[in-house]
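K.L.:
Have a look at this one before I ask anything.
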Amino acid sequence: MDEADVVVVGAGAAGLSLADRLAAPGYAGGAPSVVLLDAPAGPLRPPRRTWCFWENGAGRHDAALAASWHSLRVHGRDGRGTRQDIAPLRYKMIRFDTFESLVDERLAEAPHITRRRATVERVTPAGRGSHVHLRDDDGRARVLHARYVFDSRPPRVLPPARTCLLQHFRGWFVRTRRPVFDPRTADLMDFRTPQPPGGLAFFYVLPTSTTTALVEYTQFSAAVLPAEAYDRMLRGHLADVLGAGAHEVTDTESGVIPMTDGRFARRSAPGVFPIGVAGGAVRPSTGYAFSAIQRQAAAISEALRAGRDPLPPAPHSRRSRAMDAVLLRGLASGRVDGAAFFGQLFGHVPMERLLHFLDGRTTPAQDFAIGLRTPILPMVRSALATATHPRRPVTPPARPS
Ligand SMILES: Cc1cc2nc3c(=O)[nH]c(=O)nc-3n(C[C@H](O)[C@H](O)[C@H](O)COP(=O)(O)OP(=O)(O)OC[C@H]3O[C@@H](n4cnc5c(N)ncnc54)[C@H](O)[C@@H]3O)c2cc1C
């Protein structure tokens, strides 16, 4: 049987980010042996993704960025645009392939880390650690013993929740014939589109040049749409709102992210820790997870270096989760008009402050001030409804058709 100190299951955002941190030198008692396992090409492997996140100035993964912006804009339903400079923050876009290549380069310098293609079938307790039962590329069943397992396989069941909305979206990477986009500004939310009941809908435009951009249609609502509905919305936005004219679609991406107030376990068994989406990294009110995944990876790596129990910290503070639960309930119940809510927030609170808020980096007083910029009565009613609403089982969503 093979042995490793650490097994990381899955090489998506969370697995790669953790392996990357663990590859760096600086272990007091010698570097641990680490095996990074990822499913072979097939149904378990998610389509290649594009991740956006923000951070202060230069960052660890800058060499892999596809683009970044200092200026963000939000369009209300009335078409009014609010553009704000977010310096010293930068809104960054990274694509899976370049991120993976960057991490692979770093892993090549770290002989204590091995990357292996295998499907993990289950993880069971075994002495001071776990057995990771896997099926290798050649179809042979094997067992790997590990002291610690960090598991990013998507959860089969979601934790019981009071509210679970879906963030479902489809994006087109477009190339226009004539210059249409302003590559200095990313459109974070554009509400010039019909709003669904019990949720919200918006477009997202991330220009990488004057003629290329990722244009995405997103809904927060109870159920995904048929694929042609997203395409219809995208076609309409490009033609009627952006006036894009002739264009080609060079690539697409789609996804569905549960936005839930369920509580994710940070330890699923002794020495076994869910990470990434499985570990609750998705911020319930926004669907962003990449930054929380980076914080999680850094904390685990620090704990292992210090010889401490590497229990990942909660990805989002209790206060953030409580506020998000109220917003989710407000949206799902229809008490809160989502487009008006976000339009008002972005119109009255400096964007940089809001981004810090979404990262959980604001003080209670700042959070209170932000709360005053939300529709107070519907939010108070939603808070009361949240307190009395029972947590119920949730079925994980299917990918959009
Ligand atoms: C299309 C899309 C776009 C997103 N964009 C953003 C964004 O812009 N910003 C942001 O902050 N968040 C974004 N998110 C949310 C979140 O950041 C991503 O879902 C992110 O990929 C989550 O990382 P993860 O490692 O938890 O899961 P994944 O990236 O899904 O990785 C899971 C890994 O587990 C592996 N795996 C699965 N089953 C097995 C098995 N049995 N054995 C071995 N390996 C297995 C898979 O191959 C995969 O590599 C997006 C989500 C989606 C779906």
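The values are calculated or read from the model by the stated rules, or taken from the named source; none is laboratory data. Only a predicted model underlies this, so the values are computations on that prediction, with no experimental measurement involved. Every residue, glycine among them, receives a Cβ derived from its backbone with ideal geometry; neighbour counts consider all protein chains shown.
K.L.:
Could you say whether any residue in segment 150-166 is of a type in the set (Val, Ile, Thr), assigned to a strand (DSSP E or B) and either closer than 30 Å to Asp324 by Cβ or at pLDDT below 95 (or both)? Lay out the reasoning, then the answer.
P.N.:
Kept after step one, since they are of a type in the set (Val, Ile, Thr), are these residues of segment 150-166: 157, 163.
Then drop every residue that is not assigned to a strand (DSSP E or B), which leaves none.
Looking through segment 150-166, none of the residues is of a type in the set (Val, Ile, Thr), assigned to a strand (DSSP E or B) and either closer than 30 Å to Asp324 by Cβ or at pLDDT below 95 (or both).
K.L.:
Out of all the residues in segment 285-298, which are touching a helix residue (DSSP H, G or I) at 6+ places or on another chain (Cβ under 8 Å) and farther than 16 Å from Asp151 by Cβ?
P.N.:
Let us first name the residues in segment 285-298 that are touching a helix residue (DSSP H, G or I) at 6+ places or on another chain (Cβ under 8 Å), namely 285-286, 288-290, 293-294, 296-298.
Correct list: Ser285, Thr286, Tyr288, Phe290, Gln294, Ala298.
K.L.:
Take segment 141-190 and flag every residue that is basic (Lys, Arg), surrounded by 19 or more Cβ atoms within 10 Å (Cβ to Cβ) and within 14 Å of the ligand (Cβ to nearest atom). Lay out the reasoning, then the answer.
P.N.:
Going through segment 141-190, the residues basic (Lys, Arg) turn out to be 142, 147, 153, 156, 162, 170, 175, 177-178, 184.
Those still in the list that are surrounded by 19 or more Cβ atoms within 10 Å (Cβ to Cβ) too: 153, 162, 170.
Hits for segment 141-190 are Arg153, Arg170.
K.L.:
Could you grab the pairs with beta carbons closer than 7 Å, sequence gap of 6+ or different chains, first residue in segment 312-326 and within 11 Å of Arg283 (Cα to Cα), second one of a type in the set (S, T, N, Q) and at pLDDT below 95?
P.N.:
Asp324/Ser285; Ala325/Thr163; Ala325/Thr386
K.L.:
Shifting gears a bit: Against the condition more than 9 Å from the ligand (Cβ to nearest atom) and crowded, with 23+ Cβ neighbours inside 10 Å, how does Leu22 come out, does it pass?
P.N.:
Details: more than 9 Å from the ligand (Cβ to nearest atom): yes; crowded, with 23+ Cβ neighbours inside 10 Å: yes.
It is true that Leu22 is more than 9 Å from the ligand (Cβ to nearest atom) and crowded, with 23+ Cβ neighbours inside 10 Å.
K.L.:
(1) part of a loop (DSSP other than H, G, I, E, B); (2) in contact with a Lys or Arg (Cβ under 8 Å, 6 or more places away or on another chain); (3) within 28 Å of Cys52 (Cα to Cα); (4) not hydroxyl-bearing (Ser, Thr, Tyr): which one isn't true of Asp104, the others all being true?
P.N.:
Status for Asp104: all satisfied but (1).
K.L.:
Please go through segment 111-129 and give me each residue that is outside any strand (DSSP E or B), surrounded by 13 or more Cβ atoms within 10 Å (Cβ to Cβ) and out of contact with any Leu (no Cβ under 9 Å at 6 or more places or on another chain), ordered by number. It would help to see each step written out before you state the result.
P.N.:
Applying the first criterion (outside any strand (DSSP E or B)) to segment 111-129 yields 111-112, 126-129.
Retained after the next criterion (residues that are surrounded by 13 or more Cβ atoms within 10 Å (Cβ to Cβ)): 112, 126, 129.
Matches in segment 111-129: Ala126, Gly129.
K.L.:
Quick one: how many residues across segment 17-49 are modelled with pLDDT under 95 and under 18 Å from Ala281 (Cβ atoms)?
P.N.:
Within segment 17-49, residues that are modelled with pLDDT under 95 and under 18 Å from Ala281 (Cβ atoms) number 2.
K.L.:
Another question about this same structure. Among Val277, Val282, which is the only one that is crowded, with 21+ Cβ neighbours inside 10 Å, out of contact with any helix residue (DSSP H, G or I) (no Cβ under 6 Å at 6 or more places or on another chain), under 27 Å from Leu36 (Cβ atoms) and without any contact (Cβ under 8 Å) to a residue 40 or more places away in the chain? Give the derivation first.
P.N.:
Working: Val277 fails: without any contact (Cβ under 8 Å) to a residue 40 or more places away in the chain.
Going through Val277, Val282 in turn, the sole match is Val282.
K.L.:
A further question on this structure: Give the residue, chosen from Ala67, Ala39, Ala28, Ala108, that is closer than 30 Å to Gly129 by Cα and surrounded by 15 or more Cβ atoms within 10 Å (Cβ to Cβ). Steps first, please.
P.N.:
Details: Ala67 fails: closer than 30 Å to Gly129 by Cα; Ala28 fails: surrounded by 15 or more Cβ atoms within 10 Å (Cβ to Cβ); Ala108 fails: surrounded by 15 or more Cβ atoms within 10 Å (Cβ to Cβ).
Among Ala67, Ala39, Ala28, Ala108, only Ala39 is closer than 30 Å to Gly129 by Cα and surrounded by 15 or more Cβ atoms within 10 Å (Cβ to Cβ).
K.L.:
Among the numbered criteria (1) near the ligand (Cβ under 8 Å from one of its atoms); (2) touching a residue at least 60 places away in the same chain (Cβ under 8 Å), which one does Ala269 miss?
P.N.:
Failed condition: (1).
K.L.:
With respect to Thr82, is the statement that it is at pLDDT 95 or above, surrounded by 12 or more Cβ atoms within 10 Å (Cβ to Cβ) and either more than 20 Å from the chain's Cα centre (by Cα) or within 26 Å of Pro43 (Cβ to Cβ) (or both) true?
P.N.:
Numbers: at pLDDT 95 or above: no; surrounded by 12 or more Cβ atoms within 10 Å (Cβ to Cβ): yes; either more than 20 Å from the chain's Cα centre (by Cα) or within 26 Å of Pro43 (Cβ to Cβ) (or both): yes.
Against the criterion (at pLDDT 95 or above, surrounded by 12 or more Cβ atoms within 10 Å (Cβ to Cβ) and either more than 20 Å from the chain's Cα centre (by Cα) or within 26 Å of Pro43 (Cβ to Cβ) (or both)), Thr82 does not qualify.
K.L.:
Hey, which of the strands (runs of 3 or more DSSP E) in segment 1-78, taking only ones fully inside, have at least 2 residues that are touching a residue at least 60 places away in the same chain (Cβ under 8 Å) and touching a Ser or Thr at 6+ places or on another chain (Cβ under 6 Å)? Show your work before the answer.
P.N.:
On the way: elements: 2-9, 34-38, 50-56, 65-69, 71-75.
Counting at least 2 such residues, we get 2-9, 71-75.
K.L.:
Can you name the number of the only condition in (1) among the hydrophobic types (A, V, I, L, M, F, W, C); (2) closer than 26 Å to Gly255 by Cα; (3) more than 10 Å from the ligand (Cβ to nearest atom) that Ala278 fails?
P.N.:
Only one criterion in (1) among the hydrophobic types (A, V, I, L, M, F, W, C); (2) closer than 26 Å to Gly255 by Cα; (3) more than 10 Å from the ligand (Cβ to nearest atom) is unmet by Ala278, namely (3).
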